[in-house]
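Engineer: Submitted below is the structure of interest, expressed as structure tokens.
The values are calculated or read from the model by the stated rules, or taken from the named source; none is laboratory data. Remember, it's a predicted structure, so these values are computed and weren't measured experimentally. Neighbour counts run over all protein chains shown; Cβ positions are idealised from the backbone, glycine included.
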Amino acid sequence: MSAAKYYALSGNTMSRIGKQVITAPAGTELSLIEGVLTVKGPRGVVSREFRDDIVISINGQEVTLKPLREDDLFLRALWGTYASHIANMVEGVTNGFTRKLILEGIGYKVSLEGKNLLFALGFSHPVSVPVPDTLKVTANKNEIIITGADKEEVGQFAARLRQMKKPEPYKGKGLRYDGEVIRRKQGKKVVS
């Protein structure tokens, strides 16, 4: 018997993440208008549209969620997902999210010129990438630090940059996340 069928039959319909109360710190404003939740804080404003199948209740600085139908597997999955999204929104406008990329390779360089990142990645031409207005990006030597209030936007922009020159497995040249371990391959052996 699958876990989903077991929980449906046993009546255990609580989501461990979804049933927790999300508490926003002081200085954070929460508003829900026609399914769009907006969170304002010292680091910015983040908005997201939510389905009306999950009831979102705002009581002062506390947010609680409850599915309309507890016997629906899809809504139970959505319950925890929405709770995680709202917790990330509160965290983003309070502390922000940061992603760090490291550029490795001889001759590989990155610089910030105006609102564009300019890369030298071993191509015949420099590559220019526009930085979104909602993100703050700094480039020092071969480090790129991306900061923003929206976790998804920070992660998506970092992934887009990494996609331009993925790290290769022999020397590790390319763009990699800070702390990412690149599995190295052994090069060809010369038989004498």
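Engineer: Tally time: how many residues in segment 64-82 are touching a strand residue (DSSP E or B) at 6+ places or on another chain (Cβ under 7 Å), among the charged types (D, E, K, R) and surrounded by 15 or more Cβ atoms within 10 Å (Cβ to Cβ)? Lay out the reasoning, then the answer.
Structural biologist: Residues of segment 64-82 that are touching a strand residue (DSSP E or B) at 6+ places or on another chain (Cβ under 7 Å), as a first pass: 64-68, 75-76, 78-79, 82.
Add one more test, that the residue is among the charged types (D, E, K, R), and what stays is 66, 76.
Checking which are surrounded by 15 or more Cβ atoms within 10 Å (Cβ to Cβ) leaves us with 76.
Result for segment 64-82: 1.
Engineer: Please verify whether segment 106-121 includes one or more residues that are loosely packed, with under 12 Cβ neighbours inside 10 Å, of a type in the set (S, T, N, Q), farther than 19 Å from R43 by Cβ and not assigned by TED's automatic domain parsing to the domain that holds S47.
Structural biologist: Step one: of segment 106-121, the residues loosely packed, with under 12 Cβ neighbours inside 10 Å are 106-107, 113-115.
Narrowing further to those that are of a type in the set (S, T, N, Q): none.
So far as segment 106-121 goes, no, none of its residues is loosely packed, with under 12 Cβ neighbours inside 10 Å, of a type in the set (S, T, N, Q), farther than 19 Å from R43 by Cβ and not assigned by TED's automatic domain parsing to the domain that holds S47.
Engineer: What is the number of the single condition among (1) in contact (Cβ under 8 Å) with a residue 12 or more places away in the chain; (2) closer than 17 Å to L32 by Cβ; (3) loosely packed, with under 14 Cβ neighbours inside 10 Å; (4) polar (S, T, N, Q) that Q61 does not meet?
Structural biologist: (3)
Engineer: It is to be established whether one or more residues within segment 41-56 are surrounded by 17 or more Cβ atoms within 10 Å (Cβ to Cβ), assigned to a helix (DSSP H, G or I) and touching a strand residue (DSSP E or B) at 6+ places or on another chain (Cβ under 9 Å).
Structural biologist: No, segment 41-56 contains no residue that is surrounded by 17 or more Cβ atoms within 10 Å (Cβ to Cβ), assigned to a helix (DSSP H, G or I) and touching a strand residue (DSSP E or B) at 6+ places or on another chain (Cβ under 9 Å).
Engineer: Then there's this: Go through (1) closer than 27 Å to E180 by Cα; (2) assigned to a strand (DSSP E or B) one by one and return the number of the condition M89 breaks.
Structural biologist: (2)
Engineer: Any residue in segment 76-89 that is of a type in the set (S, T, N, Q), more than 23 Å from E168 (Cβ to Cβ) and in contact with a Ser or Thr (Cβ under 7 Å, 6 or more places away or on another chain)? First the steps, then the outcome.
Structural biologist: Taking segment 76-89 as the starting set, the residues that turn out to be of a type in the set (S, T, N, Q) are 81, 84, 88.
Imposing the further condition that a residue be more than 23 Å from E168 (Cβ to Cβ) reduces the set to 81, 84, 88.
Now restrict to residues that are in contact with a Ser or Thr (Cβ under 7 Å, 6 or more places away or on another chain): none.
Scanning segment 76-89, I find no residue that is of a type in the set (S, T, N, Q), more than 23 Å from E168 (Cβ to Cβ) and in contact with a Ser or Thr (Cβ under 7 Å, 6 or more places away or on another chain), so the answer is no.
Engineer: Scan segment 57-68 for residues that are of a type outside the set (S, T, N, Q), part of a loop (DSSP other than H, G, I, E, B) and under 29 Å from T147 (Cα atoms) and jot them down.
Structural biologist: Across segment 57-68, the qualifying residue is only G60.
Engineer: Oh, and also: Take segment 101-156 and flag every residue that is in contact (Cβ under 8 Å) with a residue 12 or more places away in the chain and of a type in the set (F, W, Y).
Structural biologist: Y108, F119 - these are the residues of segment 101-156 that are in contact (Cβ under 8 Å) with a residue 12 or more places away in the chain and of a type in the set (F, W, Y).
Engineer: Would you confirm whether any residue within segment 69-85 is part of a strand (DSSP E or B) and either under 14 Å from the mean Cα position of the chain (by Cα) or not assigned by TED's automatic domain parsing to the domain that holds D150 (or both)? Walk me through it before giving the result.
Structural biologist: Let us first name the residues in segment 69-85 that are part of a strand (DSSP E or B), namely none.
Looking through segment 69-85, none of the residues is part of a strand (DSSP E or B) and either under 14 Å from the mean Cα position of the chain (by Cα) or not assigned by TED's automatic domain parsing to the domain that holds D150 (or both).
Engineer: Also, quick follow-up: Can you name every residue in segment 133-192 that is closer than 25 Å to K115 by Cα, of a type in the set (D, E, K, R) and surrounded by 14 or more Cβ atoms within 10 Å (Cβ to Cβ)?
Structural biologist: K136, D150, K151, E152, E153, R162, K165, R176
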